[in-house]
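The values are calculated or read from the model by the stated rules, or taken from the named source; none is laboratory data. Treat the numbers as computed from the prediction; the structure is a model and nothing was measured. Backbone-built Cβ (ideal geometry, glycine too); neighbour counts: all protein chains shown.
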Amino acid sequence: MTKQNHPATPAVDTTLEPNPFFETWTGPFEMPPFGRIAPEHFMPAFERAFTDHDAEIAAVTAEADAPTFTNTIELLEKSGALLDRVSGVFFNLAGAHTNDALLEIEREIGPKLAAHSNRILQNDALFRRIDALYRTRDTQRLTAEQRRVLDRYHTMYKRAGAGLDAATKKRLADIAERLATLGTSFSQNVLADEQAYTLVLETEDDLAGLPDFVRSAARAAAAERGMDGKHVVTLSRSSVEPFLQFSARRDLREKAFRAWIARGEQGGATDNKAIIAEMVALRAERAKLLGYETFAHYRLDDAMAKTPDAVRDLLDRVWAPARAGALADRDAMQELVRQEGGNFEIAPWDWRYYAEKLRKVRCDIDEATVKPYFQLHHIIDAAFYTAYKLFGLTFERRKDVTAWHPDVMAWEVLGPDGRHLGLFLGDYFARSSKHSGAWMTTLRDQERLTGEVRPLVVNVMNFNKGGDGQPTLLSFDDARTLFHEFGHALHGLLSDVTYPMVAGTSVLTDWVELPSQLYEHWLEQPEILRRFAIHARTGRPIPDDLLKRLLDARNFNRGFATVEFVASALFDLDAHLLKDAKGFEVGAFEDAALAKIGMPSEIVMRHRPTHFTHVFSGGGYASAYYSYMWSEVLDADAFAAFQETGDIFDPATAKKLNDHVYSAGGKSDPEKLYIAFRGRLPIADALLKQRGFAPA
């Protein structure tokens, strides 16, 4: 997942001086001076940034000469530098290390940012210049990248309502500001519910079934919350999922599971149901004002998929075999319950527990055996090694870089010629000040328009930190998450474009997941695992027989994982296909949507609506959660390009991958980029094969 840096502000003391945002940053790599930045600095910094940006836009519109790419688009690209600087720092802190002061600022910033953006995107004089350039683009002497940048500007302004009448633009602006407020509230409500809940394990009986690494993580979580000597399960996925996987206490599994899936729907101040209803209605209204049938049609018109029908065709093709596989696994687990003497039907809080037992039976493998081989620092090294073998990159640890938390690690990234490419920062451990999930973002993007600007790229994750001086151990899925987010990071680090508009991950949503999901494939290669899967206690590499069993088990429980994902994607699509969402009741809609597809009662959506932050904490993945699966069609086919050569690091294929995917940013249409890399477009059969389902 990527998080874009959103360009915003509140009423706090504006007299605090000196303000680090108004200074030249002279530290290593011109990193933000996090040690000197306080919440009180953001208000005056945002206010000045808004003022500066407005003045820069006014200068463009006041230009007397006819519009050219240089005096219009390039000036727009150079504008807003202070706003980018302030918002990059603020939103990184708001996601990775927040506090009450930042939460208050975040609530005020959203609508102010939206209002500022609306002033620019609905500026008639500015749009006239962009539109004049766009209409004469065939006669302009533009490079391919410049033409793409012009197209993206024109598309962005049209989709914001440029050229419409004043009343319509006013309503669109009001909707944008309200959606910004609602998105922030949604996200903060989920965080509040996560922070408020702990399941305290008081006795040895409460710990029944939990292996040492789960107990260690629970002790560390308790210590962070001032409960030394106890064990705590939190609602962070890295805490609750292992508990559900191993706890022999069915009553406690149910308690933890119900709290986990109820985030955002517990009534009171943090309930998200009314927020969702309003957001769905506002999005439908916005789409209609812009001339689209539904919000899904509006959103997908600017995506590779293009139409809701194309998305549904893909999801429907996967749903049937995934559901059949999940139901077969359910029946096998129910038999395990019977053999143990249980007289209950498998429930959602039982699935992970009995899936672990079934994996042991079918694959002769279990998490407790595998996990000691996946130490965090070795998996980081594995990701770096893969980048070296593919792209010639090297990573040098920099302890002179001060970040936002002592746990954050930094590496300077060097290219094949030894030149500086950027700085990579990894924030890997769960803590109560951090939103759940995993994402990549940037503090600064690569570009050449204003000089040779190199990126500051961030990965944020939520792994359970090893306690009592022990190494941090990852599940195989955790390791895959690390590779996934590092694939996004490479998309930012290898970016080689001139214009900020198309730098790094500034691409269509259903293309942005290709570099990340493709990178996951290298984790599963024996060459990587034999080198980096090292036992935490013995120091020995993973044995060949265990490695074979691990890889043979890759598609175990894949029906479950696919069902919980596709159900979420279909809910997202269906909710945003409503033409009139007035009176939308999310609980009833969720029930109806799941009944329509025959959702197994033993499985819950991967993201239930009230904590579906991809879709309702901002609009990044609204009507676009399918993007992970769309990109999986691409990544399955893309990795096959290496396999066909007989070398997973084939230099010629790696060079094409670098040139047309990782370094290309958004400087060309994604289909053209993929064809340049692969020679053709993929078909969905590659996805079905990868997930262990026979092609339909």
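Brief remarks follow.
- Some residue of region 389-404 being surrounded by 19 or more Cβ atoms within 10 Å (Cβ to Cβ) and in a helix (DSSP H, G or I): yes
- So LEU179, is it over 30 Å from LYS672 (Cβ atoms), touching a strand residue (DSSP E or B) at 6+ places or on another chain (Cβ under 9 Å) and modelled with pLDDT of 95 or more: no
- Pairing residues of region 532-551 that are farther than 24 Å from VAL361 by Cα and of a type in the set (S, T, N, Q) with residues that are modelled with pLDDT of 95 or more and part of a loop (DSSP other than H, G, I, E, B), at Cβ distances under 6 Å and at least 6 apart in sequence or on separate chains, gives no pairs at all.
- Residues satisfying the stated conditions in region 524-573, i.e. part of a helix (DSSP H, G or I), under 24 Å from the mean Cα position of the chain (by Cα) and surrounded by fewer than 20 Cβ atoms within 10 Å (Cβ to Cβ): ARG558, ALA561
- THR509 satisfies every condition listed in (1) surrounded by fewer than 24 Cβ atoms within 10 Å (Cβ to Cβ); (2) at pLDDT below 95; (3) under 30 Å from THR450 (Cβ atoms) except (1).
- Candidate set: region 284-316, residues that are under 23 Å from the mean Cα position of the chain (by Cα), assigned to a helix (DSSP H, G or I) and not hydrophobic (A, V, I, L, M, F, W, C); chosen: the one nearest to MET629 (Cα to Cα): ARG312
- Pick from region 637-696, criterion of a type in the set (S, T, N, Q) and assigned to a loop (DSSP other than H, G, I, E, B), ranking: farthest from the chain's Cα centre (by Cα): THR645
- Summed over region 487-506, residues that are buried (at least 24 other Cβ atoms within 10 Å of the Cβ) and under 18 Å from the mean Cα position of the chain (by Cα) total 10.
- Residue within region 154-167 that is among the aliphatic types (A, V, I, L, M) and closer than 24 Å to SER617 by Cα present: yes
- Near pairs, Cβ below 7 angstrom, 6+ apart or cross-chain, from region 574-586 (at pLDDT below 95) to any residue that is of a type in the set (Ser, Thr, Tyr) and surrounded by 13 or more Cβ atoms within 10 Å (Cβ to Cβ): LYS579/THR294
- Residues satisfying the stated conditions in region 262-281, i.e. hydrophobic (A, V, I, L, M, F, W, C) and either over 24 Å from ARG237 (Cβ atoms) or in a helix (DSSP H, G or I) (or both): ALA269, ALA274, ILE275, ILE276, ALA277, MET279, VAL280, ALA281
- Filtered residues of region 146-170 (kept if more than 30 Å from the chain's Cα centre (by Cα) and not in a loop (DSSP other than H, G, I, E, B)): ALA166, ALA167, THR168, LYS169, LYS170
- Looking at PHE213, PHE246, PHE257, just one residue is closer than 21 Å to PHE429 by Cα and crowded, with 17+ Cβ neighbours inside 10 Å, and that residue is PHE213.
- Checking each residue in region 443-485 for being buried (at least 19 other Cβ atoms within 10 Å of the Cβ), part of a strand (DSSP E or B) and of a type in the set (A, V, I, L, M) picks out LEU443, LEU456, VAL457, VAL458, VAL460, MET461, LEU473.
- Residues that are surrounded by 20 or more Cβ atoms within 10 Å (Cβ to Cβ), touching a His at 6+ places or on another chain (Cβ under 8 Å) and of a type in the set (S, T, N, Q) are absent from region 631-651.
- Filtering region 111-131 for residues that are among the aliphatic types (A, V, I, L, M) and not in a helix (DSSP H, G or I) leaves an empty set.
- Restricting the first member to region 601-621 and to residues that are outside the structural domain of GLY95 (by TED's automatic domain parsing), and the second to residues that are at pLDDT below 95 and aromatic (Phe, Trp, Tyr), the beta-carbon pairs closer than 7 Å and six or more apart or on different chains are HIS614/TYR621; VAL615/TYR621.
- Residues (touching a Pro at 6+ places or on another chain (Cβ under 6 Å) and of a type in the set (Ser, Thr, Tyr)) located in region 165-215: THR181
- Among the residues making up region 603-636, those that are hydrophobic (A, V, I, L, M, F, W, C) and outside any helix (DSSP H, G or I) are ILE603, VAL604, MET605, PHE612, ALA622, ALA624.
- Checked against (1) surrounded by fewer than 18 Cβ atoms within 10 Å (Cβ to Cβ); (2) within 25 Å of LEU244 (Cα to Cα); (3) charged (D, E, K, R), GLU356 passes all but condition (1).
- One residue from ARG531, ARG558 being outside the structural domain of PHE384 (by TED's automatic domain parsing) and of a type outside the set (Gly, Ala, Ser): ARG558
Yes/no matrix, rows are residues, columns are (1) among the charged types (D, E, K, R); (2) closer than 30 Å to LEU570 by Cα; (3) in contact with an Asp or Glu (Cβ under 6 Å, 6 or more places away or on another chain); (4) at pLDDT below 95:
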| residue | (1), (2), (3), (4) |
| --- | --- |
| TYR625 | no, yes, yes, no |
| PHE642 | no, no, yes, no |
| ALA654 | no, no, no, no |
| HIS660 | no, no, no, no |
